[in-house]
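Worksheet: the structure to be examined is printed underneath.
The values are calculated or read from the model by the stated rules, or taken from the named source; none is laboratory data. Just so we're clear, the structure is a prediction, and the values are computed from it rather than from any experiment. Note that we place each Cβ from the backbone using ideal geometry, even for glycine, and neighbour counts take in every protein chain shown.
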Ligand SMILES: Cc1cc2nc3c(=O)[nH]c(=O)nc-3n(C[C@H](O)[C@H](O)[C@H](O)COP(=O)(O)OP(=O)(O)OC[C@H]3O[C@@H](n4cnc5c(N)ncnc54)[C@H](O)[C@@H]3O)c2cc1C
């Protein structure tokens, strides 16, 4: 198992369950999804517990790049082409709300120090053709009142220290964070009991109660929520054709002098880089080089992709030609068939809910989507565009 820069420290694990535990709602998965749902349920009067086979944020939530970006997996024009203008805009607005909720409820009201910054993010074009797409996207977005402006090569050299791009777009409302501090903070504010190092190996729905079997204890809950991301199909076969485990790769350099004003995506939102508060530069992506090898649940670094990440570092940043690489890791994302997250309950077991399929953008979406699931559970509301019914 590889270690991310965020998780490279000792952390006190949470309570072991000495005996069997009974709660109203048991959430499986202590990532951004599971902890956010616990936060939204905190005033419901229900008793809430979270179990995880690792510690808090041991999965993708502790292995990502920490971008809190609006929108999702592709340029806005493509999203509009696939989903229609209204839905594309609604989803963009939801991700803006996601960021605002994290900023206001967790960072400001909750006092969680997670290195949150809102200085925008860039999307840089790797070709002239992509630059045209970014220009068309920016025009459409500006018509909808989204704060985006185009930038040229001189701006990129000045603000990001980067070369070899054809221009780009700056999305002014986006942000960034230390994802592990964020998820730990949400977990703490939720007040839920967290049982780490409890791997769930079986769900047993019987009547009004679901028994959840771990190696250390059996949990009994009225409702269970699977927030297990790319590993969901290991626990229930229903997810086998709905959430696909897909690996992402990241490297991080030694600390260098400040050079990047904000995080950047490039090459059609597939590759990305940012500078961390301590000066380290993080580069990720290049899944497109080994798409088949990157399917699966083993979070091991792929040498082919890491060679490409390093070549990208040396090619695009003159000042980093000799920078030492201190961290290399991989993490498992949960991809859905249409790139959008899904929430719902299992057709045969309506007391077993789930949320997942964030397709590499869960920090930018999950807090807001968890509210949708909380409203489904507490008030019987519709999951709207996130309903998993679209796949049935
Ligand atoms: C390399 C990489 C870069 C990324 N960069 C970004 C980014 O910059 N911005 C962004 O928005 N998103 C990014 N993402 C995606 C983001 O990390 C995920 O979408 C998000 O973390 C998903 O959160 P989650 O809580 O649904 O899943 P996870 O964080 O994976 O949590 C699922 C949890 O379930 C637990 N679990 C699974 N099975 C069991 C079981 N049987 N028993 C007990 N526990 C179990 C796991 O241990 C895990 O802790 C990136 C992902 C990767 C891998």
Taking only pairs six or more apart or across chains, which ones have beta-carbon atoms under 6 Å, a first residue in the range 135-156 that is farther than 18 Å from residue 262 by Cα, and a second residue that is modelled with pLDDT under 95? 136/77; 137/75; 137/76; 137/77; 140/76; 141/76; 144/89
Condition check: touching a helix residue (DSSP H, G or I) at 6+ places or on another chain (Cβ under 7 Å), outside any loop (DSSP other than H, G, I, E, B) and within 10 Å of the ligand (Cβ to nearest atom). Does residue 183 satisfy that? yes
Identify the single condition in (1) touching a strand residue (DSSP E or B) at 6+ places or on another chain (Cβ under 9 Å); (2) part of a loop (DSSP other than H, G, I, E, B); (3) in the same structural domain as residue 210 (by TED's automatic domain parsing); (4) in contact (Cβ under 8 Å) with a residue 40 or more places away in the chain that residue 54 does not satisfy, given that it satisfies every other one. (1)
Taking the residues in the range 227-259 that are over 18 Å from residue 366 (Cβ atoms) and surrounded by 21 or more Cβ atoms within 10 Å (Cβ to Cβ) as candidates, determine which candidate is farthest from the ligand (Cβ to nearest atom). 253
Can you find a residue in the range 255-278 that is over 30 Å from residue 130 (Cα atoms), in a strand (DSSP E or B) and out of contact with any strand residue (DSSP E or B) (no Cβ under 9 Å at 6 or more places or on another chain)? no
Condition met for residue 69 (under 20 Å from residue 333 (Cα atoms), outside the structural domain of residue 203 (by TED's automatic domain parsing) and within 9 Å of the ligand (Cβ to nearest atom)): yes
Residues satisfying the stated conditions in the range 39-54, i.e. within 11 Å of the ligand (Cβ to nearest atom) and either surrounded by 23 or more Cβ atoms within 10 Å (Cβ to Cβ) or farther than 21 Å from residue 202 by Cα (or both): 50, 51, 52
Here the residues within the range 157-180 that are part of a helix (DSSP H, G or I) and surrounded by fewer than 24 Cβ atoms within 10 Å (Cβ to Cβ) are 157, 158, 159
Some residue of the range 323-340 being without any contact (Cβ under 8 Å) to a residue 24 or more places away in the chain and either part of a loop (DSSP other than H, G, I, E, B) or in contact with a strand residue (DSSP E or B) (Cβ under 6 Å, 6 or more places away or on another chain) (or both): no
Looking only at the range 200-226, filter to residues that are surrounded by fewer than 15 Cβ atoms within 10 Å (Cβ to Cβ) and within 11 Å of the ligand (Cβ to nearest atom); which one of those is modelled with the lowest pLDDT? 215
From the list 57, 30, exactly one residue is near the ligand (Cβ under 6 Å from one of its atoms) and crowded, with 24+ Cβ neighbours inside 10 Å. Which is it? 30
Yes or no: residue 192 away from the ligand (no atom under 12 Å from the Cβ), under 26 Å from the mean Cα position of the chain (by Cα), assigned by TED's automatic domain parsing to the domain that holds residue 369 and within 17 Å of residue 23 (Cβ to Cβ)? yes
Is it true that some residue in the range 349-371 is more than 11 Å from the ligand (Cβ to nearest atom), assigned to a loop (DSSP other than H, G, I, E, B) and surrounded by fewer than 24 Cβ atoms within 10 Å (Cβ to Cβ)? no
Can you go through 111, 145, 81 and tell me which one is surrounded by fewer than 17 Cβ atoms within 10 Å (Cβ to Cβ), assigned to a helix (DSSP H, G or I) and not assigned by TED's automatic domain parsing to the domain that holds residue 365? 81
Kindly establish whether residue 45 is at positive phi and either touching a residue at least 40 places away in the same chain (Cβ under 8 Å) or within 17 Å of the chain's Cα centre (by Cα) (or both). no
